[in-house]
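First comes the structure, then the notes that go with it.
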Amino acid sequence: MELFINIVGYSAAICMVMGYLPQAIHTIRTRETDGIAMPTFLLLGLGSILFVIQGLLLHNWPLVITNVITTVCSAIVFGIKIYNDHFRTK
């Protein structure tokens with residue numbers, strides 16, 4: 001049973017990173033953020049941070065690693081979005 005749980009955890013980690021990276025890479029390359037909704041993206045980033053904390057408390061490394069990656073991607077995209085919304089439009 002533990003093996004099955006680990007397989008599910010690592011599979012979820014791979015899916016999360018593979019789902020998140022294309023948006024982050026596209027945003028970093030193009031600097032295009034018009035289609036990104038700030039409230040949704042902030043909640044996703046906050047959720048990632050909370051999952052990192054939970055993973056650390058549970059010693060669940062797939063959860064920690066996955067959400068560290070998505071938190072870093074969120075922070076980069078958030079920075080680009082803030083720059084575009086507040087500095088590029090002026």
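Our helix-only sum for the chain, with -39,500 (n - 2.57) per DSSP H run of n ≥ 4 divided by its residues, gives a mean residue ellipticity at 222 nm of -28500 deg cm²/dmol.
Using the alpha-carbon atoms, what tilt in degrees (0 to 90, nearest 10) does helix 2-30 show relative to the longest principal axis of the chain? With both axes taken from Cα atoms, the answer is about 10 degrees. Extending 7 Å from the Cα toward the beta-carbon at both LEU46 and TYR83 defines two label points whose distance is 2.5 nm.
Given a 1.4 Å probe and the protein chains as shown, THR71 ends up with an accessible area of around 30 Å².
Return the carbon/sulfur percentage of the accessible area of the chain, one whole number, probe 1.4 Å, all protein chains in place.
The nonpolar share, carbon plus sulfur, comes to 73 percent.
Here the gap between ARG31 and LEU57, fully extended at 0.36 nm per residue and compared with their Cα-Cα distance, gives a gain of 5.8 nm.
The values are calculated or read from the model by the stated rules, or taken from the named source; none is laboratory data. These numbers come from a predicted model, not from an experiment. So basically every Cβ, Gly included, is an ideal-geometry build from the backbone, and we count neighbours across all protein chains shown. Side chains included, ligands, DNA and RNA excluded: accessible areas come from the protein's heavy atoms. Shrake-Rupley method; radii C 1.70, N 1.55, O 1.52, S 1.80 Å.
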